[in-house]
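Here is the structure we will look at, set down as structure tokens.
Nothing in this text is a laboratory measurement; each read-out follows from the coordinates by a stated rule. Since this is a predicted model, take the numbers as computed values, not measurements. For neighbour counting, all protein chains shown are included, and Cβ atoms are generated from backbone atoms with ideal geometry for every residue, glycine included.
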Amino acid sequence: MTLVWLPYADAVDRMGGVPPGLDADIWDGVGPWPESVRDVELYVVPYMVGESVFGPLPQMRRLRVIQTLTAGYEGVLPHLEALGGPAGLAQPVDLCNAKGVHDASTSELAVGLMLASLRGLDDFARAAVDGRWLSGRRRALADSRVLIIGYGSVGAAVERRLAGFEVEVVRVARTPRVGPQSASRGPVHGYADLPQLLPTADVVVLCVPLTDETTGLVDAPFLARMHDGALLVNVSRGPVVDTSALLAELTAGRLRAALDVTDPEPLPPGHPLWSAPGVLISPHVGGDTSAFLPRAFTYLADQLDRFATGRPLLNVVARSRAS
């Protein structure tokens with residue numbers, strides 16, 4: 001039997017069992033590892049537990065697949081590389097991310113952050129603590145031009161959820177492309193078009209993965225191109241934004257920001273971002289909602305069936321080298 005590790009005690013039941021030829025052990029990332037650590041061939045990494053989830057990797061001598069439950073995988077890459085080192089595994093290991101699992105939750109929060117920031121819901125909540133009636137005219141999302149940077153599965157989900165809000169959506173991805181829907185929706189621009197697009201955007205939404213190319217993408221020149229009063233929404237990764245550059249714009253009162261991710265993260269007490277004007281911060285909760293597990297189990301059931309039957313795996317994003 002081929003052994004897989006799953007992170008939830010009810011995972012097998014919620015997936016309707018595991019495919020023939022597979023057996024499953026459970027490890028939630030906390031406490032001792034199962035005794036089967038040297039036999040596991042597919043490891044589903046526990047979600048949002050911390051660095052402890054990588055502890056068993058050097059002992060997994062038969063490992064062939066690491067499956068994350070996150071769309072981002074930058075934190076796994078150093079551990080994957082180590083598996084192919086001098087004392088590493090004889091076989092390569094595929095790394096698969098969970099593209100698509102968090103689209104609903106993350107895109108929902110992105111739109112929620114837009115609305116909350118533009119309509120001043122955070123200001124109203126703070127005023128309510130003091131019993132203040134904070135009335136006044138606020139900016140609507142309607143009639144805004146929304147620039148989605150990172151037009152992958154999350155970015156496309158953001159656009160779907162903006163339907164009906166009477167906005168104009170402009171799409172940007174690493175690679176520009178023109179498809180059959182371009183006549184009605186417009187093309188997907190490349191990063192090279194950002195200098196011309198940024199000054200026209202009322203809301204800029206970041207949905208990019210964290211890579212060498214996107215680290216620090218939103219720097220001082222990027223922010224300077226955004227027009228006065230524009231809103232930056234980040235549901236990607238904190239290091240995509242230069243925190244010092246953003247703080248300068250917020251402190252000047254020129255831009256607003258709604259951030260589900262920050263750099264550093266978690267944001268420590270006393271950090272100037274907490275008290276900067278015009279900023280709304282949520283604690284990296286974009287994907288962690290009631291919508292997560294049903295989609296995760298549906299995805300895992302398909303992925304395990306592919307693994308058991310030798311069909312190509314979904315979302316292979318990297319592979320270690322064999323020793």
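Things worth noting here:
- Annotation: the antiparallel percentage among DSSP beta bridges lying fully within the stretch 103-281 is about 5.
- This ranking places S236, S320, S117, S36 by how few other beta-carbon atoms lie within 10 Å of each, fewest first, which gives S36, S320, S117, S236.
- For S323, the residues 5 or more places off, or on other chains, whose built amide H falls under 5 Å of its own are L89, A90, Q91.
- Among beta bridges identified by DSSP and lying wholly in the chain, the antiparallel ones come to about 10 percent.
- The alpha carbon centroids of the stretch 191-260 and the stretch 19-61 are separated by 38 Å.
- Report summary: the helix-based calculation at 222 nm, which adds -39500 (n - 2.57) for every DSSP H run with n ≥ 4 and divides by the residues of the chain, gives -8000 deg cm²/dmol.
- By the equivalent-ellipsoid construction on the alpha carbon gyration tensor, the stretch 1-85 comes out with semi-axes of 20, 15, 12 Å, ordered largest to smallest.
- Placing one equal scatterer on every Cα of the chain and applying the Debye formula, the log10 ratio I(q)/I(0) at q = 0.07, 0.10, 0.11, 0.15 Å⁻¹ is -0.33, -0.66, -0.77, -1.20.
- Peptides ranked, highest mean first, by Cβ atoms within 10 Å: ranges 145-152, 297-304: 145-152, 297-304
- Tensor-based shape of the stretch 207-320 (alpha-carbon gyration tensor, a/c under 1.5 rounded, otherwise prolate or oblate): prolate
- Protection proxy ranking of 46-52, 59-65 - average other beta-carbon atoms within 10 Å, highest first: 59-65, 46-52
- Distance (nanometres) between label positions extended 7 Å along Cα→Cβ at W274 and L314: 4.0 nm
- Among V167, V111, V204, the largest mean-square fluctuation in a Gaussian network model of the chain (Cα springs under 10 Å) belongs to V167.
- Computed over the chain with a Gaussian network model linking Cα atoms closer than 10 Å, the most mobile of W27, W274, W133 is W133.
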